[in-house]
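The values are calculated or read from the model by the stated rules, or taken from the named source; none is laboratory data. Predicted, not measured: the structure shown is a model, and the values here were computed from it. A quick note on method: Cβ atoms are made from the backbone with ideal geometry, for glycine too, and the neighbour counts reach across all protein chains shown.
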Amino acid sequence: MPINYYIFLSIALFTIGIVGVLTRRNAIIIFMCIELMLNAVNVLLVAFSKMHHVAAYALDASTTVGTEAQLFVFFIMVVAAAEVTVGLAIIVMLYRNIHSVDINFLNRLKH
Amino acid sequence: MPVAELLFWFLTGLSLFGALMVVFSKNPVHSVLWLIVVFFAISGHYILMNAQFLAIVNLIVYAGAIMVLFLFVIMLMNMNTESEPQKNRWLRLAAIVSGGSLLLILVAALKDNKGSISGVSDLEGGIGLIQNLGKVLFTDYVIPFEISSVLFLSAMVGAVILGRKESANLKS
């Protein structure tokens, strides 16, 4: 299976996430679209890891090439979990202050 | 067509459809549920690529913990209605056009590479298992692992401070 399929899948997921961030006004939906983009990148990292592992496995059967990419994905998941807790706390605080999660009300920094 | 390829196309279609439904469904609860579907499909992709540990971690962390957190917040705000105001029609059109042109440019730039990836096989399934990943994680990458625990601590402190009521701040 060509690596192109995975690259195109990842690009499509990333673009859907960007369109969601640009079109929606609900802050929670925007946050979920950011999670979608993070997952698109994770899929691409795992696909490249598998590709390099397949190439190295043909030469040496006991190789562990490709482990680093999977650990990198693991650390991305760790950072995403921390990010979600802080982001949702910010959204809850926002809702408590202006009683809405509409990002069009978030223009106080402008004036 | 081998069964791994069939599974690949099924999971790809499921994840793309789920992602579109996340963006375009009116009800936020439905968006969360479709995002869980997307995460399940992505976990299926990980299993097809022999990354079994990441598939399970993806299910537990994303579909199990993060999405439940999103659902909690949505239920807390009582937002399971369809009364969200829409953006301006021209703004939405501009967003879709710019996203589509980004898709077009990335696909046009990356369509010529020749790498290939074999399907799932039990012969080379060693690196995605927890034995190999844990060994590398606790020898070569032990310092980033410990730093991520500090990151979690600071995220927890930050979330507690942000989520506290302002009146409690005055009393103390």
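Need the failing condition index for B:Ser118 against (1) among the small types (Gly, Ala, Ser); (2) part of a helix (DSSP H, G or I); (3) modelled with pLDDT under 90, just the number.
It fails just one condition, (2).
List the number of the failed condition for B:Ala41; all other conditions in (1) crowded, with 16+ Cβ neighbours inside 10 Å; (2) hydrophobic (A, V, I, L, M, F, W, C); (3) more than 9 Å from every other protein chain (Cβ to nearest Cβ); (4) within 29 Å of A:Tyr95 (Cβ to Cβ) hold.
For B:Ala41, the exception is condition (4).
Taking segment A:63-100 on its own, how many of its residues are farther than 27 Å from B:Val136 by Cβ, more than 7 Å from chain B (Cβ to nearest Cβ) and among the aliphatic types (A, V, I, L, M)?
Number satisfying all stated conditions: 2.
Give me the pairs: first residue in segment A:90-102 and touching a residue at least 40 places away in the same chain (Cβ under 8 Å), second residue among the charged types (D, E, K, R), beta-carbon distance under 8 Å, and six or more apart or on different chains, which are they?
A:Asp102/A:Arg25; A:Asp102/B:Glu84
Looking for something surrounded by 13 or more Cβ atoms within 10 Å (Cβ to Cβ), more than 23 Å from A:Val84 (Cα to Cα), at the interface with chain A (Cβ under 7 Å from one of its Cβ atoms) and of a type outside the set (D, E, K, R) - is there at least one such residue anywhere in segment B:87-94?
No, there is no match, as no residue in segment B:87-94 is surrounded by 13 or more Cβ atoms within 10 Å (Cβ to Cβ), more than 23 Å from A:Val84 (Cα to Cα), at the interface with chain A (Cβ under 7 Å from one of its Cβ atoms) and of a type outside the set (D, E, K, R).
Can B:Val38 be described as modelled with pLDDT of 90 or more and more than 26 Å from A:Met1 (Cα to Cα)?
Numbers: modelled with pLDDT of 90 or more: yes; more than 26 Å from A:Met1 (Cα to Cα): no.
Considered against the rule, which asks whether it is modelled with pLDDT of 90 or more and more than 26 Å from A:Met1 (Cα to Cα), B:Val38 comes out as no.
Does B:Ser31 satisfy being within 10 Å of another protein chain (Cβ to nearest Cβ) and farther than 14 Å from B:Ala63 by Cα?
Working: within 10 Å of another protein chain (Cβ to nearest Cβ): yes; farther than 14 Å from B:Ala63 by Cα: no.
For B:Ser31, the condition - within 10 Å of another protein chain (Cβ to nearest Cβ) and farther than 14 Å from B:Ala63 by Cα - is not met.
Let's see how each residue does on (1) under 30 Å from B:Lys135 (Cα atoms); (2) part of a helix (DSSP H, G or I); (3) more than 8 Å from chain B (Cβ to nearest Cβ); (4) in contact (Cβ under 8 Å) with a residue 24 or more places away in the chain:
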residue	(1), (2), (3), (4)
A:Ile16	no, yes, no, no
A:Val19	no, yes, no, no
A:Glu35	yes, yes, no, yes
A:Val54	yes, yes, no, no
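Tell me which of these B:Ile74 doesn't satisfy, since it passes every other one: (1) over 28 Å from B:Ile127 (Cβ atoms); (2) part of a loop (DSSP other than H, G, I, E, B); (3) not hydroxyl-bearing (Ser, Thr, Tyr).
(2)
If I filter segment A:37-47 down to residues being within 9 Å of another protein chain (Cβ to nearest Cβ) and over 9 Å from the mean Cα position of the chain (by Cα), which single residue comes out as surrounded by the most Cβ atoms within 10 Å (Cβ to Cβ)?
If we take residues in segment A:37-47 being within 9 Å of another protein chain (Cβ to nearest Cβ) and over 9 Å from the mean Cα position of the chain (by Cα), then A:Val46 is surrounded by the most Cβ atoms within 10 Å (Cβ to Cβ).
Quick test for you: out of A:Lys50, A:Lys110, pick the one residue that is more than 18 Å from the chain's Cα centre (by Cα), of a type in the set (D, E, K, R) and either within 21 Å of B:Gly134 (Cα to Cα) or modelled with pLDDT of 90 or more (or both). Steps first, answer last, please.
Working: A:Lys110 fails: either within 21 Å of B:Gly134 (Cα to Cα) or modelled with pLDDT of 90 or more (or both).
Going through A:Lys50, A:Lys110 in turn, the sole match is A:Lys50.
From the list A:Leu88, A:Leu9, pick out the single residue that is over 24 Å from B:Val97 (Cβ atoms) and surrounded by 20 or more Cβ atoms within 10 Å (Cβ to Cβ).
On the way: A:Leu9 fails: over 24 Å from B:Val97 (Cβ atoms).
The unique qualifying residue is A:Leu88.
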